[in-house]
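A.B. asks: Take this structure, written in C-alpha cells, and hold onto it; I'll ask about it next.
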Amino acid sequence: MLPRPRSSAAFAEAKRFIPGGVNSPVRAFRGVGGEPFFVQRASGSKIYDLDDRELLDFVGTWGPAILGHAPKVVLEAVADAASRGVSFGIPNALEVEMARTICAWVPSIEKVRMVNSGTEATMSCLRLARGFTGRDKVIKFEGCYHGHVDSLLVKAGSGALTHGQPDSAGVPAALAALTITLPFNDADALRSIFARDGKEIAAVIVEPVPANAGLYLPKPGFLELLRELCTEHGALLIFDEVMTGFRLAKGGYQEICGIRPDLTALGKVIGGGLPVGAFGGRADIMDYLSPDGPVYQAGTLSGNPLAMAAGLAQLQELERTDAYRKLERLGAQFEAGTREALLRAGKKFRFQRIGSMFCLYFTEGEVWNLEDAQRSDKAAFALYFHHCLDAGVYFAPSQFEAGFLSLAHTTADLEFAGHVVAGALAA
Ligand code: KE4
C-alpha cells in the first residue's frame, strides 16, 4: 500500500472526534484493510486525494454521481437556488417540480414525499405500510440493505455485512422478531412464509436488484411471484430503488421488469449529490400520511430547495442526454475489458453487471444470493482492491458493495481501468 501521509494525518485527527474516524462505516476501509484516503476535490470521473493523487472513481459517492463529480449543470443550479435562500421550511415551487417529475418518470408513483436519505425513505415506507394494513410483520431478504432502520438491520448487507454486524446491537429483540428474513431468489421459502403468515404480513421490502452484497440479479419469475403473493395476501410490495432508481432506467428497475410495486423508496441519483431521499406509490396509500392521514412522518429539511435544484438539474440532464443508452455502452465496454483481463490472468472469477452497476466476485461459482456471495475470497479481493488503488483506480472498499460508472467515464478511462485490473489480477 502506497503511503498517503496527508490522508493518514487527517484520519488520525478524525478518529479523535468521529467514531471510527468516519461518518459512515463503509468508508473506514475495514473490508479491505489499511486506512481510507481523504478527498481533496473531485471532478468528472476523477477524485483527487489530500496527497494530490488522481484516482479514477468507480464508487461515485455510492451512486449519486451518475453524471460524474461536480457536473456543471448541478453546480449552476445549486448556486442559483442558493442565491434565493438555502432553506425555508415552507412549501416552495421546486418541491412540486420534483414531485411532478418523479410521478411522471415512475408510473407506480402517484404521490411522493421528499425526505433526506434513503434510510428515511425506507423507514417511512415501512411505517406507512404497517399503518395502512394494520399489520406488524415485514419480510426482507438476507444481504439486502435498506439503510439503518431498526426493523431492517436484520441480516442486512453493505457496511453491516462488511463489518460483521448484519444484526446490529441496539435493535430490540421484540422488534427484530417482527422482521422475517428469507434468502433472495428462494421461491419455495417465500411461498411457505406466505402460506403460514400471509394475513399478518404488512409488507415485503426488496432491493429488486440486490447491490449491497456485491450485485446479483433476480431469477426469472421471482419478483413476479413476490408481486402475486403480496396481492393475494393483502401485503404491500415495497421496491427499495434507492440505488437502482433513475440509475438503471428513467423509471428504475421496475420499468425494466414491468412490475408495479405499491411503494418505492428512492435516493442517491435523485439528489444530485445533496442529501435527498423520497418515497411514493399508490395515492390511496400515500394519503394515509399526516396531515391527511394517521401515519406521522416529517422532516425539517425535506424538500430543501438546494437539494431539489441539484436533483432536478441531474434528472433533467439524464433525460436530455439519452443517458441510459450511453451508460449501457460504457458498462458493456467495462465488462469486456474486465472479462479480457480475467482471461489473460487465467482467473474464472464471477463478474456480474446490469447497466452501469457491477461487481467482480472473487469466487468462481454463480452468485444468486447472500450465501453465494459470501463464498468470495475476501482476502484476495482486498489485495486486488489495494493494487488497483495504488495504480490509480478506486473501486468500492468491500467485496459486498457494487461499483458504478458515470457519464463522465471516457473510453480512455475504461481502457486504463482494464490495464490496471489486468495487472491486479496477475499480481
Ligand atoms: P442512505 O440512508 O445511506 O442514504 O440510504 C440507505 C440505503 C437504502 N437502500 C439501498 C438499496 C441502499 O443502497 C442504501 C445505501 N447504500 C449504501 C451503499 N451500499 C450507502 C453507503 C454508506 O452506507 O455509506
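The values are calculated or read from the model by the stated rules, or taken from the named source; none is laboratory data. Given the structure is predicted, the values throughout are model-derived calculations rather than measurements. As a convention, Cβ positions derive from the backbone with ideal geometry for all residues, glycine included, and neighbour counts pool all protein chains shown. We work out accessible area using only protein heavy atoms, side chains counted, and drop any ligands, DNA or RNA first. Shrake-Rupley method; radii C 1.70, N 1.55, O 1.52, S 1.80 Å.
A.B. asks: (1) at negative phi; (2) out of contact with any helix residue (DSSP H, G or I) (no Cβ under 7 Å at 6 or more places or on another chain); (3) touching a residue at least 12 places away in the same chain (Cβ under 8 Å); (4) of a type in the set (Ser, Thr, Tyr): which one isn't true of THR61, the others all being true?
C.D. replies: The number of the failed condition is (1).
Residue-by-condition table, conditions (1) farther than 30 Å from GLU95 by Cβ; (2) in contact with a helix residue (DSSP H, G or I) (Cβ under 8 Å, 6 or more places away or on another chain):
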residue	(1), (2)
ALA310	no, yes
ALA313	no, yes
GLU319	no, no
ARG329	yes, no
ALA332	yes, no
ARG339	yes, no
LEU342	yes, yes
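A.B. asks: I need the full set of residues from segment 97-117 which are surrounded by fewer than 19 Cβ atoms within 10 Å (Cβ to Cβ), assigned to a loop (DSSP other than H, G, I, E, B) and not small (Gly, Ala, Ser), in order please.
C.D. replies: Scanning segment 97-117 gives PRO107, GLU110.
A.B. asks: Among the residues of segment 134-152, are any among the aliphatic types (A, V, I, L, M), more than 13 Å from the ligand (Cβ to nearest atom), over 17 Å from the mean Cα position of the chain (by Cα) and closer than 30 Å to LEU315 by Cα?
C.D. replies: Within segment 134-152, not a single residue is among the aliphatic types (A, V, I, L, M), more than 13 Å from the ligand (Cβ to nearest atom), over 17 Å from the mean Cα position of the chain (by Cα) and closer than 30 Å to LEU315 by Cα.
A.B. asks: Restricting attention to segment 72-96, which residues are assigned to a helix (DSSP H, G or I) and under 27 Å from ALA42 (Cβ atoms)?
C.D. replies: LYS72, VAL73, VAL74, LEU75, GLU76, ALA77, VAL78, ALA79, ASP80, ALA81, ALA82, LEU94
A.B. asks: Okay, moving on. Return the total of residues in segment 210-229 being in contact with a Gly (Cβ under 9 Å, 6 or more places away or on another chain) and either under 15 Å from PHE141 (Cα atoms) or within 16 Å of the ligand (Cβ to nearest atom) (or both).
C.D. replies: Count: 7.
A.B. asks: Something else now. In the set LYS155, LYS219, which member is touching a Ser or Thr at 6+ places or on another chain (Cβ under 8 Å) and open to solvent by 10 Å² or more (accessible area, probe 1.4 Å)?
C.D. replies: Every option except LYS155 fails the conditions.
A.B. asks: Still on this structure: Being touching a Phe, Trp or Tyr at 6+ places or on another chain (Cβ under 7 Å), open to solvent by less than 10 Å² (accessible area, probe 1.4 Å) and more than 14 Å from the ligand (Cβ to nearest atom) is the filter here; which residues of segment 394-410 pass it?
C.D. replies: If the condition is that a residue be touching a Phe, Trp or Tyr at 6+ places or on another chain (Cβ under 7 Å), open to solvent by less than 10 Å² (accessible area, probe 1.4 Å) and more than 14 Å from the ligand (Cβ to nearest atom), then LEU405 is the only one that fits.
A.B. asks: Do we find that ARG16 is in a helix (DSSP H, G or I), open to solvent by 70 Å² or more (accessible area, probe 1.4 Å) and not aromatic (Phe, Trp, Tyr) in this structure?
C.D. replies: yes
A.B. asks: Regarding ALA160, is this residue assigned to a helix (DSSP H, G or I), of a type in the set (Gly, Ala, Ser) and either on the phi > 0 side of the Ramachandran plot or open to solvent by 20 Å² or more (accessible area, probe 1.4 Å) (or both)?
C.D. replies: No, not satisfied.
A.B. asks: Let me ask something else about it. Can you confirm whether ASP167 is away from the ligand (no atom under 15 Å from the Cβ), assigned to a helix (DSSP H, G or I) and either within 30 Å of GLU317 (Cα to Cα) or assigned by TED's automatic domain parsing to the domain that holds ALA313 (or both)?
C.D. replies: No, not satisfied.
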